[in-house]
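Structure first, commentary second.
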Amino acid sequence: MRNPHTGRRRLSRAAFYIHLWTGVLFTFSLIAISITGILLNHKRALGLMPAVEHKPSGTLGGALTLSQLAEIGLLAVPNREDASMTGDMSRIDRMDVRPRNGYVKVRLRDSASTEVTVDLSDGRVLHVGPRGDVFLERLHSGEVFGGRWVLLSDAAALALVITLITGYWLWLAPRLFSRAPEATISEKPAIPSRRQET
């Protein structure tokens, strides 16, 4: 008859090595994801994302068109390398429209991830500067090393789940499957007295 304790010992041994080597292999990735995640949670307080205080100057219905806003953003940061590309829309990475705040953020595809904040209604340039959190976002996802490296963050997340499951198993298994204490303990026989009767 197969001993169930042998199977549990093998499972615990396998869980131990999975827990150990998963942690060892993904240590750097998990530390990087954790640190960049903390920094991104506090990016505004750390000054990584500029805070632009602005009251809307008009309604969304009276806003300039996206093409006009994009052109204003491009003109605010002329291309120093090639003047002919100053109005090239391919330089724009994304546009983040915020009607409640009354502005749009135009982010460019340059090394500094320059962002231009433009008023939706009158086209005033409210802020121009680099976004310090873009690099952290790309490092957090693994995209900074290339598109396929995003899979590394997925693997690290899966490794974290495996490490947690095996860690709980290693902690709970000895407690769940521990043998019950003996019901009764036999008493030791009394030691006869060596004193001689008189």
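What number of residues in segment 4-39 are of a type in the set (V, I, T) and surrounded by 13 or more Cβ atoms within 10 Å (Cβ to Cβ)? Before you say what the answer is, go through the steps one by one.
So in segment 4-39, the residues of a type in the set (V, I, T) come out as 6, 18, 22, 24, 27, 31, 33, 35-36, 38.
With the extra rule that they be surrounded by 13 or more Cβ atoms within 10 Å (Cβ to Cβ), the set shrinks to 18, 22, 33, 35-36.
Going through segment 4-39 one residue at a time, the tally reaches 5.
Say whether the condition of being farther than 30 Å from W169 by Cβ, among the aliphatic types (A, V, I, L, M) and part of a helix (DSSP H, G or I) is met by at least one residue in segment 93-109.
The initial filter retains those residues of segment 93-109 that are farther than 30 Å from W169 by Cβ, namely 93-109.
Applying the additional criterion that residues be among the aliphatic types (A, V, I, L, M) yields 95, 97, 104, 106, 108.
Checking the rest, the ones that are also part of a helix (DSSP H, G or I) come to none.
No, segment 93-109 has no match at all.
Can you find, within segment 100-128, the residue that is nearest to V52 (Cα to Cα) among those that are small (G, A, S) and free of Cβ contacts under 8 Å to residues at least 40 places away in the same chain? Walk me through how you get there before you give the answer.
Here is the first cut: in segment 100-128, the residues small (G, A, S) are 102, 111-113, 121, 123.
Retained after the next criterion (residues that are free of Cβ contacts under 8 Å to residues at least 40 places away in the same chain): 111-113.
On the way: S111: 22, A112: 18, S113: 17 Å.
The qualifying residue nearest to V52 (Cα to Cα) is S113.
Pairs, please: C-beta under 8 Å, at least 6 apart or cross-chain, first residue more than 12 Å from R124 (Cα to Cα) and in a helix (DSSP H, G or I) and in segment 52-68, second at pLDDT 90 or above and not basic (K, R)?
Cβ pairs passing all conditions: L60/P99; L60/L120; G62/S121; L66/M95; L66/V97; L66/V104.
Kindly check whether there is at least one residue in segment 25-39 that is part of a loop (DSSP other than H, G, I, E, B), in the same structural domain as T166 (by TED's automatic domain parsing) and under 30 Å from L151 (Cα atoms).
Narrowing segment 25-39 to residues part of a loop (DSSP other than H, G, I, E, B): 26.
Still in the running and in the same structural domain as T166 (by TED's automatic domain parsing): 26.
Next, only the ones that are under 30 Å from L151 (Cα atoms) stay: 26.
Scanning segment 25-39, I find at least one residue that is part of a loop (DSSP other than H, G, I, E, B), in the same structural domain as T166 (by TED's automatic domain parsing) and under 30 Å from L151 (Cα atoms), so the answer is yes.
Do you know which of the residues in segment 142-163 that are more than 24 Å from L48 (Cβ to Cβ) and loosely packed, with under 12 Cβ neighbours inside 10 Å is modelled with the lowest pLDDT? Explain how you work it out, then say what you get.
In the first step, residues of segment 142-163 are kept if they are more than 24 Å from L48 (Cβ to Cβ); the result is 148, 151, 154-155, 158-163.
Filter again for loosely packed, with under 12 Cβ neighbours inside 10 Å, leaving 148, 151, 154, 161.
On the way: R148: 81, L151: 88, D154: 89, V161: 93.
Taking the candidates together, the pick is R148.
Would you confirm whether or not segment 93-115 contains a residue that is more than 29 Å from I18 (Cα to Cα), aliphatic (A, V, I, L, M) and under 16 Å from the mean Cα position of the chain (by Cα)?
Just the residues of segment 93-115 that are more than 29 Å from I18 (Cα to Cα), to begin with: 93-115.
From the residues that got through so far, the ones that are aliphatic (A, V, I, L, M) too are 95, 97, 104, 106, 108, 112.
Applying the additional criterion that residues be under 16 Å from the mean Cα position of the chain (by Cα) yields none.
Within segment 93-115 (the criterion being more than 29 Å from I18 (Cα to Cα), aliphatic (A, V, I, L, M) and under 16 Å from the mean Cα position of the chain (by Cα)), the answer is no, since none of the residues qualifies.
Residues to consider are L160, L170, L164; find the one that is under 16 Å from the mean Cα position of the chain (by Cα) and part of a helix (DSSP H, G or I).
Working: L170 fails: under 16 Å from the mean Cα position of the chain (by Cα); L164 fails: under 16 Å from the mean Cα position of the chain (by Cα).
None of the others qualify; the one that does is L160.
Of all residues being of a type in the set (G, A, S) and closer than 13 Å to E71 by Cα in segment 90-141, which is modelled with the highest pLDDT? Just the residue, please. Steps first, answer last, please.
Residues of segment 90-141 that are of a type in the set (G, A, S), as a first pass: 90, 102, 111-113, 121, 123, 129, 132, 141.
Next, from what is left, pick out any that are closer than 13 Å to E71 by Cα: 90, 123.
Details: S90: 90, G123: 94.
Applying the filter and picking the extreme gives G123.
The values are calculated or read from the model by the stated rules, or taken from the named source; none is laboratory data. Nothing here was measured: the structure is a model prediction, and the numbers come from that model. As a convention, Cβ positions derive from the backbone with ideal geometry for all residues, glycine included, and neighbour counts pool all protein chains shown.
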